[in-house]
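The values are calculated or read from the model by the stated rules, or taken from the named source; none is laboratory data. Here the structure is a predicted model, which means the values were calculated and not measured. Ideal geometry is used to build each Cβ from the backbone, glycine not excepted, and the neighbour counts take in all protein chains shown. When the accessible area is computed, the model is the full protein with side chains, heavy atoms only, and any ligands, DNA or RNA have been set aside. Shrake-Rupley method; radii C 1.70, N 1.55, O 1.52, S 1.80 Å.
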Amino acid sequence: MAATCTLQVQCPECDVVVPIVVRAELARVSDHQQTISLEPDLSELWAHAWTHEAPVDQADQ
């Protein structure tokens with residue numbers, strides 16, 4: 001059984017709210033135990049972080 005949800009984090013530099021999609025999968029280990037696997041998709045977070053990086057100056061190369 002798998003499900004997805006969306007979490008949100010707020011950028012500390014610009015206060016933009018960035019969504020993070022998380023895939024959750026439930027697996028039964030035994031009759032008395034279950035495990036939950038969470039897999040976040042961090043692509044939106046990385047894309048937003050890149051907007052804060054300083055541009056590379058071609059004259060420096």
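Rolling a 1.4 Å probe over the protein heavy atoms gives the chain an accessible area of 87 Å² per residue.
For the chain, a simple Cβ point-charge model (Lys and Arg +1, Asp and Glu -1, everything else neutral) yields a dipole of about 400 debye relative to the Cα centre. At q = 0.16, 0.27 Å⁻¹, what is the base-10 log of I(q)/I(0) for the chain according to the Debye formula with one equal point scatterer per Cα and no solvent? Please give it to two decimals. Taken in order of the listed q values, log10 I(q)/I(0) reads -0.67, -1.07. Taking label points 7 Å from Cα along the Cα-to-Cβ direction, C14 and D31 give a separation of 5.6 nm.
Split the accessible area of the range 1-51 by element, probe 1.4 Å, and carbon with sulfur accounts for 57%.
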